[in-house]
1. To the nearest Å, what is the center-to-center distance of the stretch A:120-189 and the stretch A:39-72, using C-alpha atoms only?
2. Roughly how crowded by other chains is peptide A:21-29, in terms of the mean Cβ count from those chains within 10 Å of each of its Cβ atoms?
3. Contour minus end-to-end for A:Ser18 and A:Asp176, with contour as 0.36 nm per residue of separation and end-to-end as the Cα-Cα distance?
4. Taking the stretch A:80-119, which trypsin sites (Lys or Arg not before Pro) meet the DSSP loop condition and have no more than 10 other C-beta atoms within 10 Å?
5. So which lysines can A:Lys173 reach, going by Cα to Cα under 23 Å and dropping same-chain residues fewer than 8 places off?
6. Which order, highest average first, do B:120-133, B:138-151 follow once you tally other Cβ atoms within 10 Å for each residue and take the mean per peptide?
7. For a protection proxy built on the mean count of beta-carbon atoms within 10 angstrom, sort A:127-134, A:60-67, A:20-27, B:99-106 highest first, please.
8. Just from its helices, what would the mean residue ellipticity at 222 nm be for the protein assembly as shown, if runs of 4 or more DSSP H residues each count -39500 (n - 2.57) and the sum is divided by every residue, rounded to the nearest 500 deg cm²/dmol?
Amino acid sequence: MSNLDKHIKQHYQSKALSQSKVDAILTEGNEKRPTRSWRSFSPLVAAALLIIGFVFFNNYQAQNLLNQRVITEIAMNHSKQLDAEITTSDYDDLQTKLNRVDFPIYSETIPENHQLLGGRYCSIQGELAAQLKLKHKKTGDVKTLYVTRLTPTLKNVKNQTITQNSITTQLWKTSDCLFALASKTPTETTY
Amino acid sequence: MTYTQDPQHILQSGYRYALSLVHQALDAEDLVHDAWLKAYPKYGTKLTQSLFFTTIRNVYIDQYRRNQLAVFEAFDEETYKEIEIDTKHDISSEDLDQALAKLNSNEREAIFLNIVEGYSTQEIADKTDRSRNTVLSHIHRGKRKLVHTLTALINRRNPLQG
């Protein structure tokens with residue numbers, strides 16, 4: 001290092017802020033420094049909310065799509081007006097004759113004032129189902145009741161009544177089964 | 001609270017760097033103060049001397065030099081030679097202060113970073129977004145000016161030895 005360099009170095013190294021000035025700057029810096037508040041986590045919170053929102057939206061959409069698929073299938077089946085292959089007015093009798101069905105086709109949740117006319121096999125969303133013909137005792141309207149086992153997928157169906165192409169379909173679930181009642185006119189039953 | 005580096009040391013070295021830029025003590029204090037209030041809330045205890053120097057430089061450019069950026073021509077490295085002052089007299093701090101005042105901020109900054117902080121010319125070039133030749137030019141011209149001013153001051157005070 002040259003003589004000039006040494007002088008320059010010494011010159012600058014002799015310069016210093018006063019301790020009071022240092023303290024003042026440090027204090028002001030500390031006051032200005034934001035404490036770790038919720039703002040520090042706001043990007044994480046926003047991301048978490050976004051993910052939760054996305055998951056909920058996806059579930060909601062998936063559930064709506066499932067309901068729509070089930071209702072469309074039931075409305076289509078109902079509009080075919082297929083005859084009952086087994087004619088009976090007794091649920092136990094029908095249960096016995098539909099021997100491939102391993103779930104109860106009768107439930108206390110089935111609307112009153114309806115008389116059983118008979119039934120046949122069918123399917124809902126690829127699952128074996130029973131298709132029951134019911135007649136309203138007062139109006140004479142013939143309705144179709146679908147019963148199937150509540151699979152993990154069908155558990156996501158929500159209770160709902162929807163009218164589509166002049167066919168009103170009412171969906172409801174019991175602990176074991178999914179029920180769907182389709183009729184040309186709105187059903188009188190409420191749940 | 002654990003700092004990466006001692007904040008007092010960062011402040012003091014920052015002050016000396018600020019002095020190399022603005023030369024005036026009060027201006028350097030203001031510059032360090034402003035830079036600290038900008039850097040500390042951002043980096044906190046992770047603030048290092050290098051980051052603080054960068055902040056000081058940015059604040060300096062913003063506040064003092066926005067419209068006065070000087071453009072220096074590149075400098076041929078081969079023409080750079082060690083410059084030494086030829087005197088038997090000690091250089092006083094006052095003389096050196098006067099001589100440093102005659103340099104422009106680019107020259108003082110380059111000399112400070114090279115001699116006091118020990119950065120290589122390439123490191124200074126990287127830190128200041130200049131070419132290495134330009135940094136060499138600043139150092140060389142600055143030293144030449146210093147020698148010229150210091151020699152004049154010493155000769156004026158000691159005319160018989162001139």
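What follows is calculated from the coordinates using simple rules that are stated; it is not laboratory data. Everything numeric here is computed off the predicted structure, so don't read it as measured data. Note: ideal-geometry Cβ built from the backbone for every residue, glycine included; neighbour counts use all protein chains shown.
1. Comparing the Cα centres of the stretch A:120-189 and the stretch A:39-72, I get a distance of 28 Å.
2. On the way: counts 5, 7, 2, 1, 13, 5, 0, 4, 11.
Per residue, the number of nearby Cβ atoms from other chains is 5 on average.
3. On the way: separation 158, 0.36 × 158 = 56.88 nm, distance 8.22 nm.
The A:Ser18-A:Asp176 span can extend by a further 48.7 nm.
4. Numbers: sites: A:Lys80, A:Lys97, A:Arg100; in loops: A:Arg100.
Taking the stretch A:80-119 and a limit of 10 other Cβ atoms within 10 Å, the loop trypsin sites (Lys or Arg not before Pro) found are A:Arg100.
5. The reachable lysines, counting only those whose Cα sits under 23 Å from A:Lys173, are A:Lys133, A:Lys135, A:Lys143, A:Lys155, A:Lys158, A:Lys184.
6. On the way: B:120-133: 16.3, B:138-151: 20.3.
Taking the mean over residues of other Cβ atoms within 10 Å, the ranking is B:138-151, B:120-133.
7. Numbers: A:127-134: 21.8, A:60-67: 13.0, A:20-27: 14.5, B:99-106: 19.0.
Descending packing order for the listed peptides: A:127-134, B:99-106, A:20-27, A:60-67.
8. Numbers: 11 runs with 176 residues, N = 353.
Only helices count here, giving -16500 deg cm²/dmol.
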